[in-house]
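The values are calculated or read from the model by the stated rules, or taken from the named source; none is laboratory data. Note that the structure is predicted; figures quoted are calculated from it, not measured. Cβ atoms come from the backbone with ideal geometry, glycine included; neighbour counts cover every protein chain shown.
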Amino acid sequence: MDALGRVVGFSNHSSYWGDTTAWIWEPALGTRSLRDHSAAVANAINDVGEIAGGIGIRRAARFDLVTGECVVLGTFGGEHSEATDVNDAGHRIGWALTPLYEPKPFLWTPELGMRPLALGSARALNDRGEILGFSQAGRAVLLEPDGSLVDLAHEVNGLGPFEIVRLEDLDDAGWIGGQVRHSASGALRGLLRPAYSRGAPAGA
C-alpha cells in the first residue's frame, strides 16, 4: 500500500500460471483492472504510482499509472521473472530464472538495469535502499546498500528458542515483519521488530 492508500494485487482465474489479472484498489475509485497496462501480476506500488509486477506468463515489468508505460525488465537467461517490490526511487527487487531454471534474486535500477543479488531470496525493499531477504545459507538478513549483510537472528534471540522462517516487509524506519517458529514445539508466531539494533555481519 502506498501513502495514498492504494493497494495492488492480482486474481487467479485457473490453475494455469499465466491466467491472472492484476488490479488496483483506490479509496475514491474502488477496484479496477490493470489489463490496459498489460499487467498480469501486481505486487507492490510506490508513492509516485509505479508498480512492480509481471506481464504475460511472468516476465518482470514496471508499470507507470501516470504515463501508462510498461517496461519489461528481463531475466537472467531463463523464461520467467517477476518484480516483487518497488521503492520511491523506482528501484525494484524480484526473482529471475537462469537457463538452468534456477531462480536468482535481482535488483533493478533505472541506471544499471537488472543485477543479481548476493542473496538466496529478496523479500522487501525500502527507500533507504536496504533489502530484506534470506542469505544463500538460509539465514534472515538485511542487505545494506554498500553490499554488507546484517544477520537478523539477533532480533529473536531474546524471545526464546525461535528462528525466523518468513520475511514479509521492511519499512523506511527499519521495522521488519515476518514469522518465527519455536524450535521445540514448532509453534508459529508473528514477528514485528526493528532491524536496527544490528547484529554481527552474516556469515553467508
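In table form, for the structure just shown:
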quantity	calculated
Out of Gly68, Gly74, Gly18, sole residue that is closer than 24 Å to Leu117 by Cα, more than 16 Å from the chain's Cα centre (by Cα), among the small types (Gly, Ala, Ser) and modelled with pLDDT under 95	Gly74
Of residues in segment 43-59 being of a type outside the set (Val, Ile, Thr) and part of a strand (DSSP E or B), the one nearest to Trp108 (Cα to Cα)	Ala52
Criterion (modelled with pLDDT of 90 or more and either part of a strand (DSSP E or B) or surrounded by fewer than 18 Cβ atoms within 10 Å (Cβ to Cβ) (or both)) met by exactly one of Gly158, Gly147	Gly147
Residue count for segment 60-93, restricted to those that are on the phi > 0 side of the Ramachandran plot and assigned to a strand (DSSP E or B)	0
Segment 32-64: number of residues that are modelled with pLDDT under 90 and under 16 Å from His91 (Cα atoms)	0
Single unsatisfied condition, Trp95 versus (1) over 16 Å from Leu192 (Cα atoms); (2) in contact with a Ser or Thr (Cβ under 9 Å, 6 or more places away or on another chain); (3) at pLDDT below 95	(3)
Matching residues in segment 125-154 - criterion: being acidic (Asp, Glu) and within 27 Å of Ile45 (Cβ to Cβ)	Asp127, Glu130, Glu144
